[in-house]
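For reference, the structure is listed below as structure tokens.
The values are calculated or read from the model by the stated rules, or taken from the named source; none is laboratory data. Computed from a predicted structure; not experimentally measured. When we count neighbours, we look across all protein chains shown, and the Cβ atoms used for this are built from the backbone with ideal geometry, even at glycine.
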Amino acid sequence: MTDTFRDDASRLDVRYVAHLARLHLSDEEAAVFQPQLEQVLGYVRELGALDVEGVEPTAHAFPVQNVFRDDEVRPGLDHEAAMKNAPQERQGQFIVPKIIE
Amino acid sequence: MKYLPTIGLEIHVQLKTRSKIFCGCPNEPGGEPNTHVCPVCLGYPGTLPNVNGEAIRLTVLTGLMIGCRINPYSKFDRKNYFYPDMPKNYQISQYDKPLCLGGSVEIEVEGRKKAVGITRIHLEEDVGKSMHFGSSSGVDFNRAGAPLMEIVTEPDIETPEEAQAFLLALRQILLYGGVSDCNLEQGNLRCDVNCSVRPEGQSELGTKIEIKNMNTFKGVFHALKHELPRQEEVLRSGGAIRQETRRWDDEKGVTEAMRSKEYAHDYRYFPEPDLMPVVLPPETVEQWRATLPELPAKRRDRLVTEYGLPDYDAGVLVADKAVADFFEETARASGNPKAASNWVMTDVLRCLGEKQTELKDAKLTSVSLAGLIRLVDQKVINVPTARELFSELFEKGGDPTELVKTKGLAQVSDTGALEAYADEAIAENPGPVADYRAGKKPALQFLVGQIMKKSRGKANPRMVQELLQRKLGGA
Amino acid sequence: MAGLSNLTLHETADRLARGECTSEDLVRDLVAAIEQRDGKVGAYVWVNVEDALARAREADAARLGGDRRPLLGIPLAVKDVLNVKDQPCACGSRILKGYVSPYDATAIARLREQGAVFLGRTNMDEFAMGSTTENSALGVTRNPWDLARVPGGSSGGSAAAVAAGEALAALGTDTGGSVRQPASFCGCVGLKPSYGRVSRFGLTAYASSLDQIGPMTRDVRDAAMLLQAMAGRDPRDSSSVEIPVPDYSASLRNDLNGMKLGLPREYFIAGTDPEVERAVRAAVEQCRALGAEFVEISLPHTPYAIATYYVVATAEASANLARFDGVRYGARVEGEDPIDMYGKTRAAGFGREVKRRIILGTYVLSSGYYDAYYLRAQKVRTLIRGDFEKAFAGCDAILTPVVPTPAYRIGEKADDPLQMYLGDIFTVTANLAGICGLSVPCGFAGAGLPVGLQILGPAFKEENILRVGYAYEQSTEWHLRKPNLES
């Protein structure tokens, strides 16, 4: 059963999590965020005091099911409009630094 | 020591829908880059996905065809990872509540039948395509948001041959169901392979290697033919397999370790708040079940019993649903299943192969082929004439009866005319006539040939032979 | 200036219909008000005078041709988080610099169909994360009642524009109180509709399961009018619900006879500013005088709401904000490879609060922590919803304060995120439960800082809270007071 809190708030490694989120942090930011977020997590862990045994999780505020769209083609953006916001474009494509596989 | 391979497959199938899975853009991944896109499939701020019901139906249909249980409660989840071809940097997929669970596909390798278990089928969105320039890469999002069905097998596959047989059998089923075009060149079907080897006698599975993104069945086959011995070799030489993702290089014929995208995979799945759960009423599932086509294995058995075809022939015919449909239409319309099967298996398949085309694009119809068969059966034309006509019907189409009339190809079965030809031939060829009468039977064929020539091929050869035998005496 | 910029929407519509003013007059008056005051207030981040004037003239011509649409030629201010075709939508962030939206949000499209004109875009906390509008990369917004104080947030620009007479009405968005709290701080009316009542399509998502678009207006009738135009199922938003939209104006009456109102003991707690509590208590008495019957109720899981909210909201946000990567739109900082480019672009493009919430949200979803944080928060959310279901079985609406305090001084809570989060205690519950909530002015605290009364109603019962809000408002004069910006 993993539905319990771990005691160790310092398990939050701000740099590691920031990397998962593709967010470069300066040393100063990491130093500021680490205690702030630990404090917030410490507060959040108060949820551990509640007995949630057998409680269904809520993913949607209002329960609705089976919302589907008909399989119909609708007009989208023409090519020019699609590229209009592109930071960098070449040969009709969005350009990024070379992707390494 | 002997090593036992364990193989599991993950097959991504592009579904045949008109529009993408979450927006109204056309589901046509080709075309000029970034021409089939909209704010939704480009992941613009504020846009929301909207599930295409047809993608749900096709996935459930696939599940029903291979004996899956349809999950009474299914939902979508976000799979988080960053990649330039992914517009939102999360992929909408299904994590713990896929649409279909369980099921199996039967395969046959070297006469041995075996069922390969299916773990699950889920629905997700495809990503864009990247192209590499010198120092940069370009991304085209036409494919982003194409409906993708992922079929995951149990690790039931034991040889590269079985893997290939499974993929062929699955492809046949998907084509039968009209679920996907299964066009390998266009990447409609892509496959990831998980494989490991373990020493015989060890029950615990070996370390798993994933081989990514192969889009030909041959590629899967050759990659396994290379990868399994490679793993064995590592173990034999006392090494250990490290869990990793490799890529099959078709040109070099080897698998290579991929440079890892990130040092930890943590997809942070969570329920997609923008999409509602799928709770299909049993009546809907039953309605869809009622529309299921007859699957290839069943159809093969039926062709044997219903039309009296040899098992092998039935197998050839059902390999392609369009061909099997064409055969059955021709057989019914002509009333001669044996002839229909001969024509389809030889001439039709040969022409399709030569012309590199498919039945749906050919001019030949089952009605005209049936007409041709009837003309032969009614002895209006002979078989060589029919072959000639077939080529024309295949190329240009048309009504065989009309063609026979306008080209004057009808067989001469009129005894009077034939008698005249026979008398002429006898008179002109005293040598062969004498030979025949002296007991040299082959001489008769020469005389038959002379009469066919005189009739410009239209004489009924069997009638000619009987006529000559009667006139020259003896049998 | 003809003084049109301080009218309500319904007064404006009446004057337009009677031919006492034109849409062009309206736009010109509003532009003059913006020019005169926005240097002090900083409500707007973008105004398009030429386009608004052109559309106002079109509307004036249409009106002469017999067009009687209720919002014809009426200018509105829009929070910078909503997509309006051909307008920027920076969401208070550097990362969307240069982005121009190619489409209308559904709520915008519906207002446009009614003839509305979109004059300008208002400041906000970056990606709607904040309670002061201090987290905007696009400038400072000040509270028109006290320029040393914040307008609240995240829809602070919209609230300030309405309060300062720089907009007749504005749209905001509310994920944890972002419409109601700034409305309370700035002395205007703010409505958060039930989740699923107004389409979210085109609302740049912060927390998808909590976000709603809501009107910020000078009175309750205006809020009803804008909700009427925006509400209803949208095929482009799967979470928008197919429940008929009633005629909200029909629910506006001057009494509360037969209404049963709940007072939750968990919302009247130590720590609430005594003047705020006094104003809310007085509003309760006023409602009683209007004919309402009161019952004491309990919403026992309220103490867990903030924790639940910050887990659910940040988790969703961490995914929602992943799309800002410099590939398809917005700002980019070049890098050696895509990963490097993402890291640098997002480091430069996002402000501190957004970074904090992305990290928090990523963490609570990450391997090994999901069950303990995210899944548990979803379960507590179920308990909070249950509290309201039980409570609404015995009452038609619930009265509470909106915020424990009046507006903060600028900089007062900067870099103390937890203290800032705790200020959301009375508002986040409505978002977690998916119910509707209304903030109406109910008095002043200290040196003239507005205080709001929160009226919560069951999901899809906006008519209940509009009725309570309207009857209360019409029997008081709080909503008629204007800040003095002339000095």
I'd like to know if region C:58-66 contains one or more residues that are within 14 Å of chain B (Cβ to nearest Cβ), surrounded by fewer than 16 Cβ atoms within 10 Å (Cβ to Cβ) and not β-branched (Val, Ile, Thr). no
Would you confirm, using the coordinates I've provided, whether C:Pro417 is away from chain A (no Cβ under 14 Å) and in contact (Cβ under 8 Å) with a residue 40 or more places away in the chain? no
In region C:414-487, which helices (runs of 4 or more DSSP H) lie fully inside it and hold 3 or more residues that are crowded, with 24+ Cβ neighbours inside 10 Å and under 18 Å from the mean Cα position of the chain (by Cα)? C:428-433, C:462-474
Just to verify a result, which residue in region A:58-73, among those that are in contact with a strand residue (DSSP E or B) (Cβ under 7 Å, 6 or more places away or on another chain) and of a type in the set (D, E, K, R), is farthest from the other protein chains (Cβ to nearest Cβ)? A:Glu72
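Is it the case that B:His12 is under 17 Å from B:Asp126 (Cα atoms) and within 11 Å of chain A (Cβ to nearest Cβ)?
Values: under 17 Å from B:Asp126 (Cα atoms): yes; within 11 Å of chain A (Cβ to nearest Cβ): no.
Against the criterion (under 17 Å from B:Asp126 (Cα atoms) and within 11 Å of chain A (Cβ to nearest Cβ)), B:His12 does not qualify.
Give region B:263-285 a look and list any residue that's among the acidic types (Asp, Glu) and surrounded by 12 or more Cβ atoms within 10 Å (Cβ to Cβ), or say none.
B:Asp266, B:Glu272, B:Asp274
Taking helices (runs of 4 or more DSSP H) that fall entirely within region A:8-88, which contain at least 3 residues that are touching a helix residue (DSSP H, G or I) at 6+ places or on another chain (Cβ under 7 Å)? Give the steps one after another, and end with the answer.
Values: elements: A:14-20, A:27-44, A:79-83.
The qualifying helices (runs of 4 or more DSSP H) are A:14-20, A:27-44.
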Would you mention how many residues in region C:342-361 are under 18 Å from A:Tyr16 (Cβ atoms), under 26 Å from the mean Cα position of the chain (by Cα) and not hydrophobic (A, V, I, L, M, F, W, C)? 4
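Small (Gly, Ala, Ser), closer than 30 Å to C:Tyr421 by Cβ, in contact (Cβ under 8 Å) with a residue 24 or more places away in the chain and within 14 Å of chain A (Cβ to nearest Cβ): is that true of C:Ser239 in this structure?
Yes; evaluated as a whole, the condition is true for this residue.
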Could you check region C:85-104 and list, in sequence order, the residues that are out of contact with any Lys or Arg (no Cβ under 8 Å at 6 or more places or on another chain) and under 15 Å from C:Phe118 (Cβ atoms)? C:Lys85, C:Asp86
Consider region B:21-41. How many of its residues are at the interface with chain A (Cβ under 9 Å from one of its Cβ atoms) and within 20 Å of B:Pro273 (Cβ to Cβ)? 5
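Here is a list: B:Leu148, B:Leu184, B:Leu170, B:Leu174. Which entry is among the aliphatic types (A, V, I, L, M), surrounded by 18 or more Cβ atoms within 10 Å (Cβ to Cβ) and modelled with pLDDT under 95? Even if it seems obvious, please write down each step before you answer.
Details: B:Leu148 fails: modelled with pLDDT under 95; B:Leu170 fails: modelled with pLDDT under 95; B:Leu174 fails: modelled with pLDDT under 95.
The unique qualifying residue is B:Leu184.
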Flagged in region C:147-172 as surrounded by fewer than 24 Cβ atoms within 10 Å (Cβ to Cβ) and not charged (D, E, K, R), in numbering order, are C:Leu147, C:Ala148
Look through C:Val364, C:Val380 and report the one residue that is aliphatic (A, V, I, L, M), more than 7 Å from chain A (Cβ to nearest Cβ) and in contact with a Ser or Thr (Cβ under 9 Å, 6 or more places away or on another chain). C:Val364
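Restricting to region C:304-357, count the residues that are outside any loop (DSSP other than H, G, I, E, B) and within 8 Å of another protein chain (Cβ to nearest Cβ).
Our first condition is that a residue be outside any loop (DSSP other than H, G, I, E, B); within region C:304-357, this holds for C:304-323, C:338-349, C:352-357.
Still in the list and also within 8 Å of another protein chain (Cβ to nearest Cβ): C:304, C:306-308, C:310-311, C:315-316, C:318-319, C:322-323, C:338-344, C:346-347, C:352, C:355-356.
Number satisfying all stated conditions: 24.
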Flagged in region C:211-236 as more than 10 Å from chain A (Cβ to nearest Cβ) and assigned to a strand (DSSP E or B), in numbering order, are C:Ile213, C:Gly214, C:Pro215, C:Met216, C:Thr217, C:Ala231
Could you tell me which numbered condition C:Val380 fails, if it satisfies all but one of (1) part of a helix (DSSP H, G or I); (2) closer than 30 Å to C:Lys40 by Cβ; (3) among the β-branched types (Val, Ile, Thr)? (2)
Can you tell which of C:Lys40, C:Lys79 is under 30 Å from C:Arg352 (Cα atoms), among the charged types (D, E, K, R) and surrounded by fewer than 16 Cβ atoms within 10 Å (Cβ to Cβ)? C:Lys40
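Is at least one residue of region C:406-413 in contact with a strand residue (DSSP E or B) (Cβ under 8 Å, 6 or more places away or on another chain) and in a strand (DSSP E or B)?
First, the residues of region C:406-413 that are in contact with a strand residue (DSSP E or B) (Cβ under 8 Å, 6 or more places away or on another chain): C:406-410.
Still in the running and in a strand (DSSP E or B): C:409.
Yes, that holds for at least one residue.
If you go through region C:72-80 one residue at a time, do you hit one that is under 24 Å from C:Asp237 (Cα atoms), touching a residue at least 12 places away in the same chain (Cβ under 8 Å) and within 10 Å of another protein chain (Cβ to nearest Cβ)?
Narrowing region C:72-80 to residues under 24 Å from C:Asp237 (Cα atoms): C:76-80.
So of that shortlist, the ones also touching a residue at least 12 places away in the same chain (Cβ under 8 Å) come out as C:76-80.
After this cut, where a residue has to be within 10 Å of another protein chain (Cβ to nearest Cβ) as well, the list is none.
No.
Which of the residues spanning region A:56-101 are within 30 Å of C:Ala377 (Cβ to Cβ), out of contact with any Gly (no Cβ under 9 Å at 6 or more places or on another chain) and not charged (D, E, K, R)?
Filtering region A:56-101 down to residues within 30 Å of C:Ala377 (Cβ to Cβ) leaves A:56-68.
Of the ones still in play, those that are also out of contact with any Gly (no Cβ under 9 Å at 6 or more places or on another chain) are A:56-57, A:59, A:63, A:65, A:67.
Matches in region A:56-101: A:Pro57, A:Ala59, A:Pro63, A:Gln65, A:Val67.
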